[in-house]
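Contents: one structure, followed by commentary.
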Amino acid sequence: METWVRAQKRRLKPAPSSICDTTTKPDAQPWDSGPFALLVTTARGDLIHGVNGEAAKLGLGSGQRAVDAAAAHDNIAMAYADPAYEAAALERLAAWSRRWTPHAKVDGVDGIALDVTGCLHLFGGDAALLDTISQRMTAMGLTVRLAMAPNHAAAHALARYGIEDKLVIGRDDLEAALQDLPVVALRINDASVTLLRRLGLKTIGQAAKIPRAALKKRFGAKTKRRDPRDDTYDDYLGRATGASDDVLARLDEALGRAPVPFDPLKEEEPLRILEGLVEPVLEIQAVLACLRPMIDRLMAMLKKREEGVLSLALEAFRVDGGRSSTTLRLSRATRETDHIMRLLLDRLDGWQSDFGFDALAVEAVEKAALKPTQTDHMQQQSKADVHGLIDRLRTRLGADAVLLPHLYNSHIPERAFVWGAQALPKRPTEITVPTIPDRPDRLFENPEEIGVLHALPEGPPARFTWRHTLHDVERVAGPERIGPEWWREKSTVRSRDYYCVETREGRRFWIYREGFSDDERGVAIRWFMHGLFS
Amino acid sequence: MLARVRNARDALWAMEEGVKAGLDVVGEITGTPKVLDFTATRRLELFSQATGVHCILVRMGPQPDTGGSSGARWRWRMATAKSANNPYNPMAPGQPRWRVDLLRARTCAPGQWVVESARDVSHGEGAADRLRMVSKLVDGDMGAGAKAPVETGAIIHLRHDDQARRAAVG
């Protein structure tokens, strides 16, 4: 026999940002004191999505218009709901509910469904199970409505529209229990509900009395799509629950005459391998020898999923109860055991095994898609292994030790590129690499101020002091004026005049003067050393 | 790709990893740390020979040790020299020039040259990675007080290298 549990959660959980607030300031929330409503934005404007107890006392409820509520009650606090967060929370709740049955799933935007067939004896029967569920969820701060019925569709209807908060309906009572529920409980769309109501069929019982052929004719599976602007709040919910306009099929499902497909949450295969060792292992080399087959297996699992590992966690459990762990981060997804083993060798260099390790665990913490790639017919691979090198350097020198240049679309010399930790992206075509030949080989990140002797008002430099050394300028090329990025910077930023100077000793520098005398952006003119030519 | 390291030991290790991975490597070490000895440089030399890549170690500092504690095949000292005359503007510097000093090499005798960049400063034409020799007769206007500044000196170790050979042999 099939038994269904239907739990409905009253949506009183606010958006995630507010959730964070509850942990820090537990006593200053609008939903703790006074009426509070969460809103969703639909084609018909903002609608109320969920309310707290005090707002419910005022007669507010899901589906009402926010402006009406605000006009009628001036003290109601409102905030926008976060549907994505709600969906994720609901999925977590469904996954957590697998403690009672292996078959659990999210049902619509506001509930979860559990197929508890064959699990009841473990929890002392149906009523006891509902009590347990109710207790656990109430302890989590949720308001739940539960219903257990012989099929999913009936449980769905009873949990949302039943009289009691906790209902157990057997196969024999099913028809009687559904008799007085509104037709909207059938998971049919709003147009069909309206049509049924116009025909005077307000409850499931009334609809069930209509001859099947007539229902079929009137409410056959139509494909006519209405204007989305006519959607109501129930449509908003209905789309997620898979509402259809086939009343007869829905009626059959609820009354147990037709099967209801049930697609439970897939259980994620944990990408973690834990292995106990026969004897405690002391030597790091032996640890690595034990790790190799484990990583091989992990890579085989990843290969099946066409994924590669981006970060790999290694845990080693010591005999004395201690635990050592490390996390490898890779610059790109990989499935190469040799590469990972080499990184681990570097990483495990200084590990203390004390009395030895007796268990090891490896886990692929972060993964990314890694499709098999086509090699050319000579099976040649590029000789230089850049990503492998980056990984090895980062493992030993630290994650921020290896930097890659990224071109940036700017004419300011120090902004024309940035050093980043990510792998080199493909160069966007709109970035043009300047072909100006006289850029210095070494550019200072922060230009250094220098004292310069020059002809007034803005002659080329004749002599300057940089790092306490006096340099006589013999030859000068320039100036090359580089204006500020006026669309980004403040209006007081001055343009720069760059000079390429050569000193008497033959050393070549790139210096600039900030501003010129009549640019109306300041009086003092400063000089800076910005780079060295070789 | 730029790797920043804390000490010379890590720098040498990183260079070695780069060479092993099949990349041309330029390393920079300031001063004369103890770990930078014959063994370390010889390792780099052998690895770069095995993988066929260039490995250049630039040593900066006030007085780089020019003793025999290096296993490099080529050892150079480079300093800037006065640039060539600019054909278009007598006030501006022209082609950059360097004074290169081959201290030791396996296959040829040491010597001193002045080289200049083959890339045209004014137009940006020509190969940036080529050097050409400068005749000593042309480079004749060295002032009396002009001395080669040793404080910017650097020794460059090169693997067997066409470019360096061209520079060295002319």
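The values are calculated or read from the model by the stated rules, or taken from the named source; none is laboratory data. Keep in mind the model is a prediction, meaning the values are calculated, not measured. Cβ: placed from backbone, ideal geometry, glycine included. Neighbour counts: every protein chain shown.
Return the total of residues in the range A:379-393 being at the interface with another protein chain (Cβ under 9 Å from one of its Cβ atoms) and modelled with pLDDT of 75 or more. I'd like the intermediate steps shown before the answer.
In the first step, residues of the range A:379-393 are kept if they are at the interface with another protein chain (Cβ under 9 Å from one of its Cβ atoms); the result is A:382-386, A:388-390, A:392-393.
Still in the list and also modelled with pLDDT of 75 or more: A:386, A:388-390, A:392-393.
The qualifying residues number 6.
Contact map, the range B:72-98: residues that are facing chain A (nearest Cβ under 8 Å) and touching a residue at least 60 places away in the same chain (Cβ under 8 Å) paired with residues that are basic (Lys, Arg) and in a loop (DSSP other than H, G, I, E, B), Cβ distance under 7 Å, separation 6+ or inter-chain. Pairs shown: B:Thr80/A:Arg507. When restricted to residues that are among the small types (Gly, Ala, Ser) and facing chain B (nearest Cβ under 10 Å), the range A:394-415 contains 2.
The one condition from (1) modelled with pLDDT of 85 or more; (2) at negative phi that A:Phe219 does not meet is (1). When A:Leu314, A:Leu265, A:Leu330 are checked against the criterion of being touching an Asp or Glu at 6+ places or on another chain (Cβ under 6 Å) and not in a helix (DSSP H, G or I), A:Leu330 stands alone in meeting it.
If the condition is being within 11 Å of another protein chain (Cβ to nearest Cβ) and either at positive phi or in a loop (DSSP other than H, G, I, E, B) (or both), then the range A:441-488 contributes A:Asp441, A:Pro460, A:Gly478.
Scoring B:Thr66 on the criteria (1) under 29 Å from A:Val386 (Cα atoms); (2) at pLDDT below 80; (3) hydroxyl-bearing (Ser, Thr, Tyr) leaves a single failure, condition (1).
Considering each of B:Val53, B:Val58, B:Val26 in turn, give the residue that is within 13 Å of chain A (Cβ to nearest Cβ), surrounded by fewer than 18 Cβ atoms within 10 Å (Cβ to Cβ) and touching a residue at least 40 places away in the same chain (Cβ under 8 Å). Break it down stepwise before answering.
Numbers: B:Val53 fails: surrounded by fewer than 18 Cβ atoms within 10 Å (Cβ to Cβ); B:Val26 fails: touching a residue at least 40 places away in the same chain (Cβ under 8 Å).
Step by step, each of B:Val53, B:Val58, B:Val26 is checked, and only B:Val58 is within 13 Å of chain A (Cβ to nearest Cβ), surrounded by fewer than 18 Cβ atoms within 10 Å (Cβ to Cβ) and touching a residue at least 40 places away in the same chain (Cβ under 8 Å).
In the range B:29-41, which residue that is surrounded by fewer than 20 Cβ atoms within 10 Å (Cβ to Cβ) and of a type in the set (Ser, Thr, Tyr) is farthest from the chain's Cα centre (by Cα)? It would help to see each step written out before you state the result.
Let us first name the residues in the range B:29-41 that are surrounded by fewer than 20 Cβ atoms within 10 Å (Cβ to Cβ), namely B:30-35, B:37-39.
Add one more test, that the residue is of a type in the set (Ser, Thr, Tyr), and what stays is B:30, B:32, B:39.
Details: B:Thr30: 14, B:Thr32: 17, B:Thr39: 21 Å.
This residue is B:Thr39.
For the range A:471-492, which residues satisfy the criterion of being farther than 30 Å from B:Ser83 by Cα and surrounded by fewer than 16 Cβ atoms within 10 Å (Cβ to Cβ)? Correct list: A:Glu485, A:Trp486, A:Trp487, A:Arg488, A:Glu489, A:Lys490, A:Ser491, A:Thr492. Can you find even one residue in the range A:117-124 that is closer than 24 Å to A:Arg250 by Cβ and modelled with pLDDT of 85 or more? Within the range A:117-124, one or more residues are closer than 24 Å to A:Arg250 by Cβ and modelled with pLDDT of 85 or more.
Of everything in the range A:90-119, what is of a type in the set (D, E, K, R), closer than 22 Å to A:Arg187 by Cα and under 20 Å from the mean Cα position of the chain (by Cα)? Give them in sequence order. Full working, then the answer.
First pass over the range A:90-119, keeping only residues of a type in the set (D, E, K, R): A:91-92, A:98-99, A:105, A:107, A:110, A:115.
Going one step further and asking which of them are closer than 22 Å to A:Arg187 by Cα, we end up with A:91, A:105, A:107, A:110, A:115.
Scanning the range A:90-119 gives a single hit, A:Glu91.
Only a single item in (1) in contact with a His (Cβ under 9 Å, 6 or more places away or on another chain); (2) assigned to a strand (DSSP E or B); (3) at pLDDT below 85 is not met by A:His406, and it is number (1).
A single entry from A:Asp338, A:Asp320 fulfils the requirement of being within 21 Å of A:Pro293 (Cβ to Cβ), over 29 Å from the mean Cα position of the chain (by Cα) and surrounded by fewer than 18 Cβ atoms within 10 Å (Cβ to Cβ): A:Asp338.
The one condition from (1) at pLDDT 80 or above; (2) of a type in the set (S, T, N, Q); (3) in contact with a strand residue (DSSP E or B) (Cβ under 9 Å, 6 or more places away or on another chain) that A:Asn75 does not meet is (3).
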